[in-house]
1. Compute the FRET efficiency between residue 7 and residue 68 as 1/(1 + (r/R0)^6), taking r as their Cβ-Cβ distance and R0 = 30 Å, and round to the nearest 0.05.
2. Nearest 10 degrees, 0 to 90: what angle lies between the long axis of helix 53-68 and the longest principal axis of the chain (Cα atoms)?
3. Against the longest alpha carbon principal axis of the chain, how many degrees, from 0 to 90 and to the nearest 10, is the axis of helix 37-49 turned?
4. In deg cm²/dmol and to the nearest 500, what is the mean residue ellipticity at 222 nm of the chain if only DSSP H runs of at least 4 residues count, each as -39500 (n - 2.57), divided by the residue total?
5. Set the Förster radius R0 to 25 Å, insert the Cβ-Cβ distance between residue 19 and residue 56 as r into 1/(1 + (r/R0)^6), and round the FRET efficiency to 0.05.
6. Angle between the Cα long axis of helix 18-31 and the longest principal axis of the chain, 0 to 90 degrees, nearest 10?
């Protein structure tokens, strides 16, 4: 079986509006299950690929600050 996980995730959320996407993200974070990590990774990939250099820096700053608070 040749399963493309990225494509499966994208097909699963295709057509979702912002509210549905937020619910998906909130659910993944609340459950804290490792099986949700690939989906969040695909969301991050989309975010990164569709952001400009300034937004990249904001994302990196947020990540850096979040890691310092751990």
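1. Computed FRET efficiency for residue 7 and residue 68 comes out at 0.25.
2. 80 degrees
3. Roughly 60 degrees between the two axes.
4. -23500 deg cm²/dmol
5. It comes to 0.45.
6. Helix 18-31 and the main axis of the chain meet at about 80 degrees.
No value in this document is a laboratory result; all are computed from the given coordinates. Being a predicted model, the structure only gives us computed values, none of them experimental. Cβ: placed from backbone, ideal geometry, glycine included. Neighbour counts: every protein chain shown.
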